[in-house]
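Reviewing the structure listed below.
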Amino acid sequence: MSGAQEQATSVLIVEDERIIGFNLRLQLVALGYRVTAVAASGDQALKRIHEQRPDVVLMDIHIDGDMDGIDTAARIPDDWRIPVIYLTAYAEQSTLDRAKTTRPFGYLLKPFSERELHATIQMALERRRVEEALRESEKRLSLALDAADMGCWELELPTRRMVRNIRANSILGLPPEEVAGSWDAFLNRIHEEDRHAVDRAFSQAGFTDQAQVLAFRSVLTNGTVRWLKTRAKRFPSPTNGAAFGDVLAAGDEAKVVGVVQDITEQRAVEDELRKAATVFETTHDGILILDVDMTVLAVNPGYCAMTGYTLAQSRGRPVPMVSAQSADFSASVERALRREGHWRGEIAANHRDGHPLALTVEIAAVKDANGLFAHHVMVITDITAIRQTQRKLQHLAHYDHLTNLPNRLLAAERLEQAIHGAMARQQRIGLLFVDIDHFKTVNDTLGHGVGDQLLCAVAQRLRDTLRPDDTVARLGGDEFMVILEGIDRPETAAGMAEKILAALAVPITLEPHELAMSASIGISLFPENGRTRDDLIRAADTAMYAAKDLGRQGYAFYTPQMTIDAVAFMTSLSDLRRGLERGELVLHYQPQVTLDTGAVVGVEALIRWQHPDRGLLGAYDVIPIAEQSGLIIEIGTWVLRQACRQAQAWRDAGLPALRIAVNVSARQFSSGNLPLLVSSILQDTGLPAEALEIEITESTLQSGYRTIKVAEELQQMGIVLAIDDFGTGYSSLGSLKALPITRLKIDACFIRELPDNDDDKAICDAIIAMAQRLRLEVIAEGVETPAQRAFLRERGCSEAQGYLFHRPMPADAIAALFIDGDHRRATE
Ligand SMILES: Nc1nc2c(ncn2[C@@H]2O[C@H](COP(=O)(O)O[C@H]3[C@@H](O)[C@H](n4cnc5c(=O)[nH]c(N)nc54)O[C@@H]3COP(=O)(O)O)[C@@H](O)[C@H]2O)c(=O)[nH]1
C-alpha cells in the first residue's frame, strides 16, 4: 500500500449486489478513496467495521441476511463515531424515519452520480469533524467546569426542557436524567421558599439580555439543604436569527444558559465573617488586629470607647496599654505567644485621659496558610468596675463601717501575721483589749447618735496615740483591739495602755455635750500568754474583765489565775443558768417588824438556790454571778413576779396586807423598762402598787439622770422606794431631799457593834435624825440583839429586820407565823 493510499479516506461498502458494489469501488478509487472492503450482509459489514474501523460506511438499506442496513448501522458503537451514508433506491417515509433514528450522515438515492457520491462523503466527513470539534470543546468545558467546581445547564424556554447539563446534576445531587429532563423536575429540587423566585428569574417573562444571578437553596434527596448560586443569560435560538442582546418577542425560540455553583461552604464562611464583623463592630470589648511586631492595624469601636484612643491615633503604633508595661512583661508575653500561640492576663493601665483601668487582655497569634505568624488578635475586657466593686466588698468585709478601723476579721488576720513575724524575728507582741467604761450609759442617756460619735472620737484618739504601724481595730460595740508589734518589754505595753487611758481621759466635746471617758484595758503578751491568735485574744479579753473588776479606768496584764477564775465563773454561770431553767431558784422572806410592838409589817424577798448537790444556797451564790453575766435581768424579773404573786397569795389566803420589799439591782433598775415590767406584773398578779417596796442601793440612784427618772415613774405608780445599805454610799443631804424615796435602810455594818461602838452610834443617830428631818422612814437591818433593838427604839428608829426577830424563811413559814400568832411577838 502506497503512502498516498494510507492517507486516503477509507470507505467500507455494504452492498449485496455484486455489480453495484464493484462499480462503486471503481468510482471511489477513481475519486481517491481507499475501499477497505465490500460487504454483502449486515454480519459481514459489522465484522469488517470491527477489523478495519473505516472512516466512512456506505450502507445499502436492503441487503442480504437478517439485518437490513438500518439495523446494521444501529449496531455500530456510538463512540466509534463512524459516519454512515445510506444508499437506497426507495425513499418511502417509513424507511427514512427509521433511518433517521441512527443519526445518518447522508442519503444517496440510487442511481447517483460520481459528483453526488463525492460531495456526500465529503459533507459527512466535514460534519464528523465539526461534531468531533464540538465534542472536544464540550469535554474541555466540562474539565473547566470541573476545575471551577461549577455546573452548566441549558433551558429551552418553549418546551421548558433542560437540554444540556454538564456537572449540574452532581452539584444538585441528582441523577443525571432528572436534571436533563424537565425544568419542572429541576425546580422540584429547589427549596420551596426559593422555587418561585428561581422560576420567575429564569423561565418567565421579564428576562432581558442582562445576566441574572440568583442564590437559592436546593434540597438533596437525603434532606440536606445546600446553597447554590446560578448565573444565567437568555440567548436567542440561532435558528430565528435574533442577535444576542435583543429582547425576544413572545414565542421566540430561546434558551437560557446558566452556570451553577455550590456556595454552601462559601456562604457559611460569609456568615461567619458577617457574624465576626458584627461582633467586631458592636462588642463592648476592645478588639485589636496587630501585625507580628504588635503594631496596630485595626481597632474596633469598643476599643476606642474603652481607652479613649481613636483608630487614627492607634493605627501604625504599638498598643499604649501594653507598651506602658515593664520590659519583663513584654518579654513574657512574647515568649508565651511564640510557645503556645496565646497569652492571657490582667493588667493595670490608663485611659487616654489618665484615669486608671483594670483590663483583662487575651492575645492570640494568627498563622497564615503557610503556617507562619501573620497577625495577632488582641481582645481587651474592661474589668475596672468589677475590681472596684471587689475592693469595696473587700473593704466592707474587713473594715468597720462606723469608724473605718479594721474590723474583727481583719484584726484577727493581722494578729495572725504578727504572730508569724514575731516567731520568725523572735519578738514580743502586746495585744490590748480596750473596753470603754459605761458606754452603755452614754447610749441610753444621750442616744445612739451621740454614742456613735463618741466611738468615732475614741477611734481617732486611739489612732492618734499609736504608731502608724500598730493595728487599731474595732471588734464591735465599745470594744477595741490594739496590736503592738516588736515590743521589747511588757512595760512597753503597759506604757501604751497608760497613754491610751490618758488620751481618753481628755474630755471629748460632742456639742452640746462634753464627755470624759475612761476605759478598761486587758493586756496579753506573745509568747508568754499564748502562741496562737485565739489564745492571745482570749487572754487579753480575760485581762480586760479583770481590769473592770478592779474598778475600771485601768489596765491589767493577763495572769493564768484569771483563766482559772474565768473558768470557775463560766462553770458557775452555766450551773446557775441550768438552775434557773429547772426552777431551782426559790424565794425566802424575812419579816420586817415595828420596833414598838414587834409586829410583822412587811417581808423582804431574798433569793435562795435549792441546789441539787450543794443544798440551799444563799443570795451571794446567785447575785454576783448573775450581775456579772447579765443574767440578773432575767433572774430579777422572775424575783419580782414571784414576790408579787406570793404577796397577793397571802392576801388571798386571808393574811394581813403585808408590804413586800424586793431587791432590784442597778443594772435591772437602769434597764429602761422597769416601770413597764412592774406595771404588767402588778396587773398580772393583782397586787396593789402600794404593797410593793423596791430596794435599791445608793449607788444605783447615783448612776444618773435616767435612774432618777425611773424612780420617779415608780413613785408615781404608788410604789415605795427604799434605799438599801444606807450609809455605805455617798448620798448628800441635798440629793436625798430631791430623790423620790420613802425609806432608808440602815446598813447592818452600823448595827453590828451597837450599842458599844461610839462611831456606829453616832452614824445611826445621824441617819435617824436626818431621816426624821426629811420625813423619811427608817428601818434597821441585821438586828441581832435586844441591846441593838433597845438602842434603835430609843433613838426613834421605827422598824427593824434581823435574826433577833425572824430569820429569812420560806413562804409557807410566813403564813404559819400568822396562823400561830408569832407575827405579833414583841421580843423583850
Ligand atoms: N438584786 C437582788 N439582790 C438580792 C436578792 N436577794 C438577796 N439579795 C441581796 O443579796 C445580798 C445577800 O442577801 P442574803 O444572803 O439573802 O442576806 C440577807 C439576809 O439573810 C441577811 N440578814 C438579815 N438579818 C440578818 C441578821 O440579823 N444577821 C445577819 N448576819 N444577816 C442578816 O441580810 C441580807 C439582807 O440584806 P438587805 O437586802 O441589804 O436587807 C443582800 O445584799 C441582798 O440585798 C434578790 O432577789 N435580788
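The values are calculated or read from the model by the stated rules, or taken from the named source; none is laboratory data. Bear in mind the structure is a predicted one, so any value in this text is a computation, not a measurement. Cβ sites come from the backbone with ideal geometry, for glycine too, and all protein chains shown count toward neighbours. Only protein heavy atoms, including side chains, enter the accessible area calculation; ligands, DNA and RNA are left aside. Shrake-Rupley method; radii C 1.70, N 1.55, O 1.52, S 1.80 Å.
So here's what we get for this one:
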item: For the stretch 399-558, size of Cβ-based charge dipole, Lys and Arg +1, Asp and Glu -1, in debye; result: 320
item: Sites residue 367 and residue 139 - FRET efficiency at Förster radius 51 Å, r taken between beta-carbons, to 0.05; result: 0.80
item: Carbon + sulfur, % of accessible area of the chain - ligands and nucleic acids excluded, 1.4 Å; result: 52
item: Kirkwood Rh and Cα Rg combined as Rg over Rh, evaluated for the stretch 283-387; result: 0.95
item: Contour excess over end-to-end distance, with Cα ends at residue 498 and residue 159 and 0.36 nm allotted per residue; result: 110.5 nm
item: Other-chain or far-sequence residues with amide H under 5 Å of residue 9's (modelled H); result: 34
item: Cα pair distances of the stretch 5-135 binned at 10 Å [whole percent]; result: 13, 49, 34, 4
item: Positive-end residue of 406, 436, 210, charge dipole of the chain with Cβ unit charges; result: 210
item: Whichever lysines have a C-alpha closer than 19 Å to that of residue 761, once near sequence neighbours (fewer than 8 apart) are set aside; result: 745
item: Full-stretch length increase - residue 170, residue 329 - with 0.36 nm per residue and alpha-carbon distance subtracted; result: 51.6 nm
item: Among the listed pairs 100/139; 229/275; 139/233; 139/255; 548/737, those beyond 24 Å (Cα-Cα); result: 100/139; 548/737
item: Sparse-neighbour loop sites [trypsin sites (Lys or Arg not before Pro); the stretch 123-176; at most 16 other C-beta within 10 Å; DSSP]; result: 160
item: Share antiparallel - DSSP beta bridges, the stretch 399-558, percent rounded to 5; result: 85
item: Cβ-Cβ FRET estimate between residue 221 and residue 123, R0 fixed at 45 Å, reported to 0.05; result: 0.50
item: Helix-only [θ]222 nm of the chain, DSSP H runs n ≥ 4, -39500 (n - 2.57) each, per residue, nearest 500; result: -14000 deg cm²/dmol
item: For residue 300, residues with placed amide H under 5 Å, excluding near neighbours; result: 287
item: Rg and Dmax of the stretch 81-195, Cα atoms only, in Å; result: 20.0, 65
item: Hull shadow area, averaged, the stretch 538-598 [alpha-carbon convex hull, nm²]; result: 7.7
item: Residue-by-residue Karplus 3J(HN,Hα) for the stretch 346-359, coefficients 6.51, -1.76, 1.60, Hz, glycine and proline x; result: 10, 10, 9, 9, 10, 5, 4, 7, x, 6, x, 10, 10, 10
item: Histogram of C-alpha separations across the stretch 576-820, 10 Å bin width, %; result: 7, 31, 37, 22, 3, 0
item: Dipole magnitude of the chain about its Cα centre (Cβ charges: Lys, Arg +1; Asp, Glu -1), debye to nearest 20; result: 1800
item: Computed E for residue 807/residue 516 - FRET, C-beta separation, R0 51 angstrom, nearest 0.05; result: 0.65
item: The chain, relative contact order in percent, only Cα pairs under 8 angstrom and at least six apart counted; result: 5
item: For the chain, accessible area per residue (1.4 Å probe, heavy atoms of protein chains only), Å²; result: 51
item: Debye equation applied to the C-alpha atoms of the chain, log10 I(q)/I(0) at 0.06, 0.08 Å⁻¹; result: -0.71, -0.94
item: Residue (of 590, 679, 821) at the positive-pole extreme of the chain, dipole from beta-carbon charges; result: 679
item: For the stretch 399-558: rounded, prolate or oblate by the Cα gyration tensor [a/c cutoff 1.5]; result: prolate
item: Mean Cβ neighbour count within 10 Å, used as a protection proxy, ranking 572-580, 707-715 highest first; result: 707-715, 572-580
item: Cut-off 16 Å, label 7 Å out along Cα→Cβ of residue 353, residues of the stretch 273-314 by amide N; result: 304-310
